[in-house]
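In what follows, a structure is listed as structure tokens, so that the remarks can point back to it.
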Amino acid sequence: MSEHVQRLLHGYIDGELDIVKALEIEEHLQSCAECSQQYKELMVLKSVVSRTTLFNPAPKGLEKRIKSSVRKANQASQPWLSLQLRWIAIAVFLVGFIILGVMIGSRAFNQSQEFTLAREVQSAHVRSLMASHLTDITSTDQHTVKPWFNGKLDFSPPVVDLATQGFPLIGGRLDYIENYPVAALVYQRNKHDINLFIWPSGNTEEGLRYSTYNGYNVYHWTQSGMTYWAVSDLNPDELKSFVELVQKNFG
Amino acid sequence: MSQDRSKISLFEETILPHLDAAYNLARWIMSNDQDAEDMVQEACLRAYKYFLGFQGTNSRSWLLTIVRNTCYTWLRQNRAQELTVELDEEISQIETDIFNPETLLLNTIDQQLVRHTLEELPVEFRELIILREVEELSYKEIANIIGIPIGTVMSRLARARERLKQSLIYGMEEGSNE
């Protein structure tokens, strides 16, 4: 029996031969006893290695374990880029207010000017959507983050970690608003990021003001010569708790 | 994010129906339950990672390819000695009538013996038998999963079956001599 026919026999049994070759093999089997015997033994072999005798189904619980590990992997790879885009958008949103503060100096914001500014900031936001990072210095240690700003800012922002109160410090970032460098401290609460922008306030003194912009909650105030803006998609109650903690610690 | 939730549910709908097939293949390649589970878990994570790049229609073959690669990568690093086999060696043909269907009663081939004999086969032969006989994949699908030409599938399968038959005959002869 030729090796060639040997191999083709397997293809024939598996239904993988084209019609021409299949007919050739069938014809051959009718006249060749040896191949015919081989064919019968192959059929026996196939019957004992069937799915019914050899299949191992997945153990109970494996599906659940895989579902949960897939979800964990999904959380671990949060799309950082889109988060950064959001923060750049907010930073640019604030450009308007800071520009105003710089231009007007110690005068309070005018309501209609705020409105015009908001519109200007929106178009500036669309133009400037370039994201690269949420933090320049990633550390939960306030004694690492605070000195990091030395030499980058002409003021030293107060930094405190509020992890024990549920608002861990994630890190810090140097942000620029109309060429004016400001400190951005990044905190987190239940996967919501909070940006706390800080810069010297000059002569202005302002009590706590709350507003929303495009669904984001914003608190701003001045304290001990610094202006603070806290921005987050965190709900206003929890954001206010954060603000009060900051105010207490930065006394 | 709803975008992630829909990726997860699409992944689960597409891939999880093939979990049994994935585990079965891994179990036969790895030869024990725990390793098989570990490999399937790792393979599913990789499948999820590359899921958005899966453009094909045959998700079972795609998953089995990943499972197979995951298993072999691990084996190469941890049990390399299992992978060295001369697939071209001459199979000693035992002259016997024992496999003749006319003289053989099917229920005399013990299921345990079949499993044991399969486990003793070189892994490259074993996986081929599993993919063809248990998963009932076509030569083309098998060729894609293993990464060999279709012609090689047929000739390697012929050798695998011949080896299995000879080993079974040997096992049955041993049994009948007791």
Answer yes or no as to whether B:Met172 is crowded, with 18+ Cβ neighbours inside 10 Å, modelled with pLDDT under 85 and part of a helix (DSSP H, G or I). yes
Looking at the range A:207-225, can you tell me whether even one residue there is farther than 13 Å from A:Trp87 by Cα, assigned to a strand (DSSP E or B) and touching a His at 6+ places or on another chain (Cβ under 7 Å)? yes
Determine which single condition B:Arg115 fails, assuming it passes every other condition in (1) modelled with pLDDT under 85; (2) under 24 Å from B:Asp35 (Cα atoms). (1)
Spans of helices (runs of 4 or more DSSP H) in the range A:26-79 with at least 1 residues more than 53 Å from the chain's Cα centre (by Cα): A:33-48
For the range A:8-23 the number of residues that are surrounded by fewer than 15 Cβ atoms within 10 Å (Cβ to Cβ) and touching a residue at least 12 places away in the same chain (Cβ under 8 Å) is 1
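Conditions tested, residue by residue: (1) out of contact with any Phe, Trp or Tyr (no Cβ under 8 Å at 6 or more places or on another chain); (2) over 17 Å from B:Asn144 (Cβ atoms); (3) at pLDDT below 90.
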{"position": "B:Asp4", "(1), (2), (3)": "yes, yes, yes"}
{"position": "B:Phe11", "(1), (2), (3)": "no, yes, no"}
{"position": "B:Leu16", "(1), (2), (3)": "yes, yes, no"}
{"position": "B:Asp33", "(1), (2), (3)": "yes, yes, no"}
{"position": "B:Glu37", "(1), (2), (3)": "no, yes, no"}
{"position": "B:Gln55", "(1), (2), (3)": "yes, no, yes"}
{"position": "B:Thr65", "(1), (2), (3)": "yes, no, no"}
{"position": "B:Arg68", "(1), (2), (3)": "yes, no, no"}
{"position": "B:Cys71", "(1), (2), (3)": "yes, no, no"}
Just name the residue that is nearest to B:Leu118 (Cα to Cα) out of those in the range A:24-61 that are more than 11 Å from every other protein chain (Cβ to nearest Cβ) and buried (at least 16 other Cβ atoms within 10 Å of the Cβ). A:Cys35
Identify, by number, the condition in (1) more than 9 Å from chain A (Cβ to nearest Cβ); (2) within 16 Å of the chain's Cα centre (by Cα); (3) closer than 21 Å to A:Arg7 by Cα that B:Ile129 doesn't meet. (1)
Test for B:Gln34: is it outside any helix (DSSP H, G or I) and either surrounded by fewer than 17 Cβ atoms within 10 Å (Cβ to Cβ) or in contact with a strand residue (DSSP E or B) (Cβ under 9 Å, 6 or more places away or on another chain) (or both): no
Residues that are modelled with pLDDT under 85, buried (at least 19 other Cβ atoms within 10 Å of the Cβ) and not hydrophobic (A, V, I, L, M, F, W, C): does the range A:173-192 have at least one? yes
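The values are calculated or read from the model by the stated rules, or taken from the named source; none is laboratory data. Just so you know, these numbers come straight off a predicted model, no measurement behind them. Every residue, glycine among them, receives a Cβ derived from its backbone with ideal geometry; neighbour counts consider all protein chains shown.
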